[in-house]
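The structure under discussion appears below in the form of C-alpha cells.
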Amino acid sequence: MMDDIHGIYSGVEKVGIRYTSKRIKFGLVILIIATIVDILSFSTAAWGYIIQVSKGPYSSDTSYGLWHSCPGAVMITGTIWECNSYYNINPRGLFTVTYIDITAETHGWFKVTQAVETLGFIGTVTALFILLGYIFSRSLHESKLALLVLMLLGFLSAGFIILGVIMFAVMWDVDILGTYVGIHLEVHLGYSMVLALFACALDIVAACAVIAEVRRISHDDDDL
C-alpha cells in the first residue's frame, strides 16, 4: 500500500524554491531588486532640479519627480521644502516666485515620459509575479511559454524605462532653458533618474537569466 502511494506522488512534479534552478533563483533576486529600485525611482521627486539664483537673500531650488515636485527656497540657514502632487500644487509665498509647471501642455514630452516609465514599471512588476508563478505553480513550472513571456517583459520594460530616461535627460535641459530664456536658471538631473537606469539594467540581467533557463530546458528536451 505504501509503495503504491509513493509511486503516485513520485510522479507529481515538485515546485518551489527548493526545486528551482540557480538561474531562476538568480533571476528572482534580480527582479525583486529591480522592482524595489523602480518603485523608488517612480515615486521620488528627484528626476531633475531647477535652480534660480536670485540677487536677494535666497535662491529657489525645486526638485521634480514623475508625479510630484518639491519647491524649495535655499536660505542662509538651510533649504525650506514644500512637496506637492502635480494635481494639488499650491506653493506658498516665496515658493511662487520661480515655480515652473512642467505638466503644462507646452511640455508634452513630460507626459510621454510619465507614460513610458509607467509601462516600464508595470512590466517589471508583472514579470516578477509571473516568475513567482513559474516557481510555485505546477501549471507554469518548466513552461517555455511562461519563460518567453518573462523574457519579453524584461526587455520591453527595460526599453520603456530607458526611453523615458533619454527623453527626460535630453528635454530637461533643452526645453526648460529654451522656454524660460529671461530667467537665470540652472538645471540638473537627479538621483531618481539614476535609479531608473539601474532598474533598466537589472531588467535586462533578469531577462538574460531567463534566456539561460530556456536553453537549459531545450537542451534537456533534446537529450530526451
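Observations
- Test result for Thr106, at pLDDT 90 or above, under 23 Å from Ile51 (Cβ atoms) and not in a loop (DSSP other than H, G, I, E, B): no
- Check on Phe198, closer than 22 Å to Ala46 by Cα, open to solvent by 70 Å² or more (accessible area, probe 1.4 Å), of a type in the set (A, V, I, L, M, F, W, C) and within 12 Å of the chain's Cα centre (by Cα): yes
- Contact map, the range 185-197: residues that are on the phi < 0 side of the Ramachandran plot paired with residues that are open to solvent by 40 Å² or more (accessible area, probe 1.4 Å) and part of a strand (DSSP E or B), Cβ distance under 9 Å, separation 6+ or inter-chain. Pairs shown: Leu185/Gln52; Glu186/Tyr49; Glu186/Gln52; Val187/Tyr49; His188/Tyr49; Leu189/Tyr49; Gly190/Tyr49.
- Residue in the range 140-152 that is crowded, with 18+ Cβ neighbours inside 10 Å, touching a strand residue (DSSP E or B) at 6+ places or on another chain (Cβ under 7 Å) and modelled with pLDDT under 90 present: no
- For Ala34: the one exception among (1) farther than 23 Å from Ala207 by Cβ; (2) modelled with pLDDT of 80 or more; (3) touching a Cys at 6+ places or on another chain (Cβ under 9 Å): (1)
The values are calculated or read from the model by the stated rules, or taken from the named source; none is laboratory data. Keep in mind the model is a prediction, meaning the values are calculated, not measured. Because the Cβ atoms are built from the backbone with ideal geometry, glycine has one as well, and the counts that use them run over all protein chains shown. Side chains are part of the model used for accessible areas, which takes the heavy atoms of the whole protein and leaves out ligands, DNA and RNA. Shrake-Rupley method; radii C 1.70, N 1.55, O 1.52, S 1.80 Å.
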